[in-house]
Structures are given as C-alpha cells and as structure tokens.
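Structure, as structure tokens:
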Amino acid sequence: MFGKSSEEETPLDNTKYYEILGVPKTASQDDVKKAYKKAAIKNHPDKGGDQEKVFFINYTFNFQKVAQAYEVLNDPEKREIYDQHGEDALNEGMGGGGGGHDPFDIFQSFFGGSSPFGGGGGSSRGRRQRRGEDVVHPLKVSLEDLYNRTSKKLSLSRNVICSKCKGKGSKSGASMTCGGCQGTGMKVSIRHLGPSMIQQMQHPCNQCKGTGETINDKDRCTRCKGEKVVQEKKVLEGHVEKGMQNGQKITFPEAADEAPDTIMGNIVFVLQQKEHPKFKRKGDDLFVEQTLSSTKALCGFQFVPTHLDKRQPLIKSQPGEVVKPDQFKAINDEGMPMYQRPFMKGKLYIHFTVDFPDSLSPEQCNALEALLPPKPSTQMTDMELDECEETTLHDVNIEEEMRRKQQQAAQEAYDEDEDMHGGGQRVECAQQ
C-alpha cells in the first residue's frame with residue numbers, strides 16, 4: 001500500500017523531520033514537543049531575531065516545515081509510517097501534506113494563543129463565531145422601589161440583522177475577499193524600536209472593518225447600505241425585586257446588538273439607588289433619625305412615621321423609660337425585605353437626638369430640682385470655694401476653632417522659616 005516500486009530504488013527519506021526539529025530518531029514525544037516549541041520561536045523578532053526585512057517570508061516558510069515535522073513526529077501512527085516508509089509513503093497514505101492540517105492551527109493549540117500572523121490563526125476552514133459585547137445601562141430606583149418591588153421600562157436603540165439582505169450586505173448575497181487583509185479581518189504592522197528590535201502589532205483591518213469582506217458599491221443592499229445591520233427601537237422592562245441592592249444587575253441574555261457570525265451580547269441594567277430624604281439603608285437594615293424634646297426624652301414619647309410601604313407604625317417608649325442623647329433603639333422586622341426572601345426583613349434602627357432648651361429660669365430650675373434626684377453633696381466648704389478662681393464658659397464652634405488653630409500653626413511655621421533664612425543671610429553679610 002505504501003511506498004514506491006522496488007524498481008525505482010528511491011532512497012528512503014525518513015530522517016528529514018528529525019533533522020528539522022534537531023532530535024534523534026529515539027526522541028520521546030516530550031522531547032519532540034520541547035524541540036518544536038524551541039524551533040517555533042527561534043527566529044521570532046520579540047525573542048531577538050535579526051531578520052527584520054525578510055521576517056515574514058523566512059519565518060512563514062521555516063515555521064511551516066517545523067509545524068509539519070511536529071505534526072508527524074507527535075502522532076505515533078504517522079511517525080511509525082514515516083520511520084518505515086518515508087515521507088512519500090506518508091503523503092500517499094494520508095492524502096498528501098502530512099494530514100492536511102493548517103500549521104498555524106497547530107501553533108495556536110500548542111501555545112494557547114493566536115497565530116503570529118493575525119486572523120485568528122489563519123485557518124481557511126471558516127471563522128469561529130465571536131461573542132458580541134454586553135451593553136450596560138444605569139437604572140435609577142428609589143428606596144421605595146427596592147422595598148416594594150416595581151417594574152421599569154427603558155427604550156433602547158440596537159442593531160439588528162438587515163431583513164432585506166439577510167445580513168449579507170449585498171443584493172446578490174455575494175461578497176469579495178478584502179484585499180487589505182486577505183480575508184482575515186486583521187492586519188499586522190511592524191514597528192522598529194531599535195537595532196535588531198521590532199514590535200509586531202495586530203489590529204482590525206480598516207478597509208473591511210474587521211469583517212474580511214468587501215462589497216461592490218453597485219451591489220450594496222439599499223436598506224442597510226452594505227452595513228449588514230440596521231437600527232431598531234426596543235423597549236425592555238426590568239423587574240426590580242424586593243430587597244435588591246444598589247449596584248445589582250438585571251440581565252437580558254442575548255438582547256444586545258446583532259451582527260453576522262456573532263453571538264449576541266447581553267443587555268444589563270445596573271441599579272442605582274437614589275438618596276432618600278428620611279431613611280438610610282445599610283444592607284438589610286434601615287436607619288432613621290428622630291429628635292425628641294427634653295420633656296419627651298424624660299417623660300415618654302410616641303410618634304407615627306410613614307414607612308416605605310405607606311404603613312404608619314406606632315412607635316412609643318415604655319412607661320418610666322428615659323431616652324439618652326445619641327441613643328439607638330431597634331425594631332425587629334421593620335427593615336428592608338431580604339432579596340429572594342421577601343417575607344424576612346432586617347431591623348429598623350432609630351437614632352435619637354435630644355433637644356434641650358437654651359436656658360431655664362430660676363423658678364424652672366427649682367421645680368426640676370424638686371422632681372429630679374438630688375444633687376450629690378459637694379466635698380468643698382464655702383471657705384475653700386472662696387479661694388478658687390472663678391471661670392466663665394462660652395459657646396464655640398469646635399470645627400471652626402480647630403480650622404483656625406491649624407491656619408495659625410501653619411503661618412507661625414512659615415514665619416519661623418523666613419526668620420531662619422533671613423537671619424543666616426545677615427550673619428553672612430556681617431562676616432564679609
């Protein structure tokens with residue numbers, strides 16, 4: 001089945017592939033892989049290659065030979081045929097070309113990346129579908145929306161495949177291979193960085209916009225003008241569930257722009273919670289501020305706030321309970337509903353501020369002293385008090401006071417620095 005007729009007496013060619021990779025015929029598969037990787041990157045410019053002007057010609061030719069040798073020697077069945085019958089027998093038995101695989105596909109699978117020549121590996125067996133980008137939109141919601149559940153509609157413009165040409169872009173459905181990128185959709189440019197140093201960059205072809213195809217102007221679809229897609233308006237309705245958080249996403253799978261040979265991306269709504277004038281949210285809990293007069297703080301209070309679902313719960317103190325300034329109290333199950341567990345809620349925390357009167361008359365002080373616990377007896381006699389120096393308290397804005405002190409300290413440091421430099425100059429002049 002394999003080989004030539006014995007009359008031709010053709011020399012057996014079963015060593016060339018080993019010589020290309022630089023391994024002996026006894027090399028293991030691991031040795032073959034290591035040699036292939038080393039040979040594949042040997043003359044790459046990023047590794048210090050010096051063939052700048054003829055890089056693509058030489059590198060392509062050499063790499064095809066290296067890839068073909070690796071494909072044969074890395075396959076036990078092909079390697080056995082090659083060792084016993086030579087390259088001609090291998091081509092005859094496998095249908096020519098050592099199996100017919102694209103060497104750049106081998107490069108891509110071996111190194112886990114793209115071919116150094118662009119175009120997604122350069123394979124001529126059809127493009128792999130790429131995935132379109134996701135489209136993200138902010139969706140503003142109130143705290144009431146997140147507490148009660150609601151629906152929000154958003155009108156969007158998106159690209160859809162032209163129904164007239166079925167995404168072909170032409171009347172006849174025909175297209176031509178782009179001459180700028182030879183149908184790969186990508187171009188490779190070389191940038192000289194210095195002696196024996198170049199940088200290789202890959203970018204979409206500007207002639208075909210990365211499609212790899214061009215359409216004759218006279219054959220362009222009259223509806224999409226050869227763009228293959230047209231714009232349409234679409235209204236999406238997002239359901240805001242109870243307990244959703246600020247920044248949470250609502251995803252519409254594969255609802256983004258359509259494009260030929262492309263899997264549609266998603267449309268994503270990102271919730272942005274607006275600030276509430278009364279309630280503050282932290283996770284599943286709610287916080288609210290409540291100011292009490294000194295009388296209510298001491299003698300008891302009750303108030304009826306309006307909750308986020310329009311309910312009006314009665315909140316009151318216990319008999320004889322005294323509320324201290326800056327005190328927190330909590331009510332269970334009056335916070336935010338928990339996401340996907342709407343019948344469970346967090347806590348409602350109330351931060352109390354006590355509003356004291358600015359002053360009291362002597363009569364009011366006497367009346368309060370009669371009602372309140374007696375003052376602790378003073379440890380100092382009247383004679384001792386007479387010897388003390390009397391002081392006067394006054395109101396201050398502590399933030400303004402601290403800011404003024406910082407400015408004063410900075411000015412003093414500046415003046416001290418000026419004095420030091422000026423004094424040194426005067427001494428120097430006196431010495432001269």
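The values are calculated or read from the model by the stated rules, or taken from the named source; none is laboratory data. Keep in mind that what you see is a predicted model, and the values were worked out from it rather than measured. For neighbour counting, all protein chains shown are included, and Cβ atoms are generated from backbone atoms with ideal geometry for every residue, glycine included.
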Q. Is it true that LYS278 is exposed (fewer than 14 other Cβ atoms within 10 Å of the Cβ) and assigned to a loop (DSSP other than H, G, I, E, B)?
A. yes
Q: Inspect all residues belonging to region 295-304 and state whether any of them is assigned to a loop (DSSP other than H, G, I, E, B) and among the hydroxyl-bearing types (Ser, Thr, Tyr).
A: no
Q: Starting from residues that are under 26 Å from ASP358 (Cα atoms) and modelled with pLDDT of 80 or more, keep the ones in region 376-400 and report whichever is nearest to the chain's Cα centre (by Cα).
A: GLU399
Q: State which residue is farthest from GLN273 (Cα to Cα) when the search covers only region 338-365 and only residues that are exposed (fewer than 11 other Cβ atoms within 10 Å of the Cβ) and polar (S, T, N, Q).
A: SER361
Q.
Every residue in region 259-279 that is more than 23 Å from the chain's Cα centre (by Cα) and at pLDDT below 95, please.
A. ALA259, PRO260, ASP261
Q: Within region 139-155, track down each residue that is of a type in the set (D, E, K, R) and either exposed (fewer than 15 other Cβ atoms within 10 Å of the Cβ) or not in a helix (DSSP H, G or I) (or both).
A: LYS140, ARG149, LYS152, LYS153
Q. Could you give every pair whose Cβ atoms fall below 9 Å, whose first residue belongs to region 214-243 and is closer than 28 Å to PRO342 by Cα, and whose second residue is crowded, with 19+ Cβ neighbours inside 10 Å and of a type in the set (Asp, Glu), counting only separations of at least 6 or pairs across chains?
A. VAL240/ASP145
(Q) For region 317-337: of the residues being among the charged types (D, E, K, R) and closer than 28 Å to LEU146 by Cβ, which is surrounded by the most Cβ atoms within 10 Å (Cβ to Cβ)? (A) GLU334
Q: For region 168-243, please list each of the strands (runs of 3 or more DSSP E) lying entirely inside it that holds at least 1 residues being in contact with a strand residue (DSSP E or B) (Cβ under 7 Å, 6 or more places away or on another chain) and within 30 Å of GLY346 (Cβ to Cβ).
A: 229-240
Q: Return the pairs, sorted by first residue and then second, in which the second residue is β-branched (Val, Ile, Thr), the first residue lies in region 262-282 and is under 30 Å from LYS166 (Cα atoms), the beta carbons are less than 6 Å apart, and the residues are 6+ apart or on different chains.
A: ASN266/THR251; ILE267/VAL135; VAL268/VAL136; VAL268/THR251; PHE269/ILE250
Q | Considering residues of region 306-316 that are within 17 Å of GLU144 (Cα to Cα) and over 41 Å from the mean Cα position of the chain (by Cα) only, the residue surrounded by the most Cβ atoms within 10 Å (Cβ to Cβ) | A | PRO313
Q. For GLY122, are the conditions met, namely being over 26 Å from VAL229 (Cβ atoms), modelled with pLDDT under 90 and either part of a loop (DSSP other than H, G, I, E, B) or under 26 Å from the mean Cα position of the chain (by Cα) (or both)?
A. yes
Q | Number of the condition not met by VAL240 [criteria: (1) surrounded by fewer than 17 Cβ atoms within 10 Å (Cβ to Cβ); (2) touching a Ser or Thr at 6+ places or on another chain (Cβ under 6 Å)] | A | (1)
Q.
Just to be sure I understand the filter: pairs with C-beta atoms under 7 Å, separated by 6 or more residues or on different chains, first member in region 6-28 and assigned to a helix (DSSP H, G or I), second member aromatic (Phe, Trp, Tyr) and modelled with pLDDT of 80 or more. Which pairs pass?
A. TYR17/TYR82; LEU21/TYR36; LEU21/TYR70
